[in-house]
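Each remark here refers to the structure printed beneath this line.
The values are calculated or read from the model by the stated rules, or taken from the named source; none is laboratory data. Not measured: the values here are computed from a predicted model. Note: ideal-geometry Cβ built from the backbone for every residue, glycine included; neighbour counts use all protein chains shown. For the accessible areas, the whole protein counts, side chains as well, though only heavy atoms, and no ligand, DNA or RNA atoms are used. Shrake-Rupley method; radii C 1.70, N 1.55, O 1.52, S 1.80 Å.
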Amino acid sequence: MNFQQALQQYIGRTIEVLTVGSLLTGTLLQVGEGFLVLRTSSNYYNPVEGDVTVFFTNIEFVRVLP
């Protein structure tokens, strides 16, 4: 199982994604070849609201929230 396959089982769940310079929290919408799409809402750590595409090469870690 690779990273893409591991993430696909969490579509629809709330996750945190740490990238260089940002911490994104939101609902995992899609996982593709080398990227994921996250629906975020604005908060203290993340001023962006909407669907955000994050490339795997920029991801430091992913945490699935309960």
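Name the single residue that is least open to solvent (accessible area, probe 1.4 Å) among those in the stretch 21-42 being out of contact with any strand residue (DSSP E or B) (no Cβ under 7 Å at 6 or more places or on another chain), in a loop (DSSP other than H, G, I, E, B) and at pLDDT below 90. So, considering only residues that are out of contact with any strand residue (DSSP E or B) (no Cβ under 7 Å at 6 or more places or on another chain), in a loop (DSSP other than H, G, I, E, B) and at pLDDT below 90, the one least open to solvent (accessible area, probe 1.4 Å) is S42. In this structure, does I11 turn out to be under 12 Å from the mean Cα position of the chain (by Cα), among the aliphatic types (A, V, I, L, M), open to solvent by 70 Å² or more (accessible area, probe 1.4 Å) and under 18 Å from L65 (Cβ atoms)? Yes.
Pairs linking a residue in the stretch 43-56 that is open to solvent by 40 Å² or more (accessible area, probe 1.4 Å) to a residue that is among the basic types (K, R), with Cβ atoms under 7 Å and 6 or more positions apart or on different chains, are D51/R39. In the set (1) surrounded by 13 or more Cβ atoms within 10 Å (Cβ to Cβ); (2) in contact (Cβ under 8 Å) with a residue 40 or more places away in the chain, R63 fails one condition alone, (1).
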